[in-house]
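The values are calculated or read from the model by the stated rules, or taken from the named source; none is laboratory data. Keep in mind the model is a prediction, meaning the values are calculated, not measured. Using ideal geometry, Cβ is built from the backbone for each residue, glycine included, and neighbour counts are taken over all protein chains shown.
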Amino acid sequence: MKQYSLAIHGGAGAISRKKMTEEKSCAYRAALSDALAEAENILLRGGTALEAVEKAVMNMEDSPLFNAGKGAVYTHEGKHEMDAAIMCGKTLDAGAVSLISTIRNPIVLAKTILERSEHIFLAGEGAMEFAKQENIAFEDAAWFNTEFRFNSLQKAKMKQKIELDHNEREDKYGTVGAVALDQYGNLAAATSTGGMTNKRFGRIGDSPLIGIGTYANNKTCAISCTGKGEDFIRAMVAYDISCLMEYKGFSLEAASRFVVQSKLPVKSGGLIAVDSKGNIVMPFNSEGMYRASVSNSKAKEVFIFQP
Ligand code: ASP
């Protein structure tokens with residue numbers, strides 16, 4: 001069997017070890033394992049990295065546990081504005097969407113843009129119009145509601161601040177992403193998010209920005225980030241890691257450690273990445289990051305905190 005590697009995340013932030021119950025931990029682990037297994041199946045059956053990362057992210061978008069698709073956080077006005085991106089490391093083709101609502105799986109819309117649009121990034125009304133033309137699945141706004149996220153908004157409003165969806169409170173967790181290397185040697189990355197609780201409408205984070213929250217290039221690596229978007233945008237995280245590898249000869253491990261530990265502010269988040277040889281790294285500088293990985297040479301691992 002040729003090399004394949006796969007990693008996924010379900011958000012990084014202040015996930016308190018003390019407050020993590022056995023029940024919650026089991027629920028996250030099961031959700032991560034399920035998404036990982038579905039995507040691994042695609043790779044095992046000869047599917048592409050692009051198909052695998054789309055499937056993993058779709059799976060987590062459908063889970064109310066994560067801040068993407070169903071379960072996305074609320075804007076200040078009590079609405080959902082979702083962002084997503086996907087990128088193919090072989091062709092450098094990408095599809096990204098921002099400021100969309102009522103699209104069941106934002107990542108499917110992003111992949112459709114990659115495949116069927118002359119553009120890379122569509123936002124707001126234009127993205128929604130494209131989705132209708134392409135028969136992308138919509139849901140009522142109510143389908144995205146979760147009591148838990150609604151309560152988070154009320155608490156955040158009371159505190160009069162914009163919160164990272166999982167920052168400071170253990171009832172907050174997040175954004176989803178996936179990276180993969182397939183049997184044909186191709187890399188892909190995908191990320192999907194509701195952004196930050198109580199965000200101003202029109203705010204766009206790092207997740208849909210190619211080269212920042214999402215990036216894939218067969219020459220180097222595939223990356224999906226999670227954390228405080230504004231910090232990731234300032235540090236140009238994903239492309240910076242790729243550049244350190246391409247122009248400075250850094251290993252994936254060294255490049256991502258440098259960017260996460262030395263360029264990002266402390267406690268801003270983390271990322272998952274895989275290189276063209278199949279090495280996987282999942283560094284973060286926050287308290288925890290929901291994550292899981294598997295490859296043809298390494299059995300499934302699921303983590304929430306530092307091992
Ligand atoms: N990076 C996302 C954003 O800022 C949030 C997250 O990863 O939880 O929109």
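Some notes on this structure:
- Counted residues, segment 50-84 - those being farther than 17 Å from Gly10 by Cβ and among the hydrophobic types (A, V, I, L, M, F, W, C): 1
- Yes/no for Leu99 being of a type in the set (A, V, I, L, M), touching a helix residue (DSSP H, G or I) at 6+ places or on another chain (Cβ under 7 Å) and surrounded by fewer than 24 Cβ atoms within 10 Å (Cβ to Cβ): yes
- If the condition is being in contact with a strand residue (DSSP E or B) (Cβ under 9 Å, 6 or more places away or on another chain), in contact (Cβ under 8 Å) with a residue 40 or more places away in the chain and hydrophobic (A, V, I, L, M, F, W, C), then segment 1-36 contributes Leu6, Ala7, Ile8, Ala12, Ala14, Ile15, Met20, Leu32, Ala35, Leu36.
- Index of the failed condition, Ala216 passing every other in (1) at pLDDT 95 or above; (2) touching a Gly at 6+ places or on another chain (Cβ under 8 Å); (3) under 28 Å from Gly78 (Cα atoms): (3)
- Tyr28 meets each of the listed conditions (1) more than 14 Å from the chain's Cα centre (by Cα); (2) away from the ligand (no atom under 16 Å from the Cβ) apart from (2).
- Among (1) crowded, with 24+ Cβ neighbours inside 10 Å; (2) within 16 Å of the ligand (Cβ to nearest atom) - the single one Lys263 does not satisfy: (1)
- Selection count, segment 226-246, where residues are near the ligand (Cβ under 10 Å from one of its atoms) and either in contact with an Asp or Glu (Cβ under 6 Å, 6 or more places away or on another chain) or of a type in the set (S, T, N, Q) (or both): 4
- Only listed residue being surrounded by 15 or more Cβ atoms within 10 Å (Cβ to Cβ) and at pLDDT 95 or above, chosen from Glu115, Glu54: Glu54
- Single residue of segment 173-193 satisfying the filter (over 9 Å from the mean Cα position of the chain (by Cα) and part of a loop (DSSP other than H, G, I, E, B)) that is nearest to the ligand (Cβ to nearest atom): Tyr173
- Residue match in segment 13-33 (condition: in a strand (DSSP E or B) and surrounded by 17 or more Cβ atoms within 10 Å (Cβ to Cβ)): yes
- When segment 195-223 is filtered for residues that are farther than 23 Å from Gly124 by Cβ and either of a type in the set (S, T, N, Q) or near the ligand (Cβ under 10 Å from one of its atoms) (or both), the ones remaining, listed by number, are Asn217, Asn218, Thr220.
- Residue match in segment 270-285 (condition: under 28 Å from Tyr184 (Cα atoms), crowded, with 22+ Cβ neighbours inside 10 Å, in contact (Cβ under 8 Å) with a residue 12 or more places away in the chain and among the polar types (S, T, N, Q)): no
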